[in-house]
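Only one structure is covered here, and it is reproduced in the block below.
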Amino acid sequence: MNATHPLAVAGIQTDIHWEDPAATLADVTPAIARAAAAGARLCVLPEMFATGFSMRAEALAQHHSAIAAACAELARSHGVWLLGGLVQPSPAGERPRNAAVIWGPNGDEQLRYHKIHPFTFGGEHEHYDGGAALPTLTIEGVRVTALVCYDLRFVELFRARADQTDLFCVIANWPEARWEHWATLLRARAIECQAYVLGVNRVGEGGGLRYRGDSGLFGPFGEPLATASAQETLVLGHVDAARVAEVRAKTSFLRDRRDEVYTMLR
């Protein structure tokens, strides 16, 4: 489905108070208000936006209900779609999940994605279980797929949903030491999938790591539409599903895939 009008989006590049949801929510709340006032219909927060990328999974999972309730109320009170990351408790015998959730303007949860690729280099797989599903949600005519941080390194996920997606939202706690990988891969995924990509990363320090943000919105040819680095700010732009359809109709990159051959090569 093509949008009848472009969707205004806002990436909220914010610092995070380490393992302190109340303090972080207090900072994030006015940022969401500013984004809504600027006309944003979809506001996007970083991965584990209220706590930081901590490996104390069980402890963070205890904040799940409070964070989710606060996000639902923020979405409802501002009448926006809100995407943010948090730690989800899991049943006995399973580890918590690193989740990305979208709440609708009425405050109801509309999508929940579990990070498929735990970051083994940082030991995330020892504390969090990976997901096995990749849902997509249509927001005011724009088909949106949410992914989390390390997922960005796996083009297979993006290709699997390219035909069904106009906008990929990648939320992250991506360290400064590898910022060039982050910036390069965001553009590459947009080019490869002929889709918009919005990457939203945190800034500041947490858990002994530094973060410089480099959040950005990229168009279906990989063109940078809005970027920001090194400070708390909003990344504002528009996503047009009709533009995605136009690009894909004029250039046959996605149509020229030969999935039947790729399967045989495995």
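Determine the dipole magnitude for the chain: charges of +1 sit on the beta-carbon of Lys and Arg, -1 on that of Asp and Glu, nothing else is charged, the reference point is the Cα centre, and the result goes in debye to the nearest 20. Walk me through the numbers before you get to the answer.
Details: 25 positive and 30 negative charges, 129 e Å.
Dipole size: approximately 620 debye.
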How much length, in nm to one decimal, is gained on full extension between residue 249 and residue 133, taken as 0.36 nm per residue of separation minus their Cα-Cα distance?
-> 38.9 nm
Out of 106, 5, 83 - ranked by how far each Cα lies towards the positive end of the dipole of the chain, with unit charges on the beta-carbon of charged residues - the top one is 5
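Can you tell me the relative contact order of the range 131-249? Whole percent, Cα pairs under 8 Å, sequence separation 6 or more.
Numbers: 240 pairs, mean separation 24.7, N = 119.
Result for the range 131-249 is 21 percent.
For the chain, calculate the relative contact order in percent as a whole number, restricting contacts to Cα pairs under 8 Å that are 6 or more residues apart.
Details: 642 pairs, mean separation 54.5, N = 266.
It rounds to 20 percent for the chain.
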Geometric extent, Cα atoms of the chain - Rg, Dmax (angstrom) = 17.4, 52
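What Kirkwood hydrodynamic radius, in Å, does the range 51-162 give when the mean of 1/r is taken over all pairs of distinct Cα atoms and then inverted?
It works out to 14.7 Å.
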Which value, in Å² and to the nearest 10, is the accessible area of residue 90 when all protein chains are kept and the probe is 1.4 Å?
-> 30
List the trypsin sites (Lys or Arg not before Pro) in the range 156-238 that DSSP assigns to loop (not H, G, I, E or B) and whose Cβ has at most 12 other Cβ atoms within 10 Å. Which are they?
-> none
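Could you please put 54, 77, 229 in sequence from largest to smallest accessible area, using a 1.4 Å probe?
77, 229, 54
The values are calculated or read from the model by the stated rules, or taken from the named source; none is laboratory data. The model shown is predicted, which means the values in this text are computed figures rather than measured ones. Heads up, the Cβs are rebuilt from the backbone with ideal geometry, glycines too, and the neighbour counts pull from every protein chain shown. These accessible areas exclude ligands, DNA and RNA; they are computed on the full protein's heavy atoms, side chains included. Shrake-Rupley method; radii C 1.70, N 1.55, O 1.52, S 1.80 Å.
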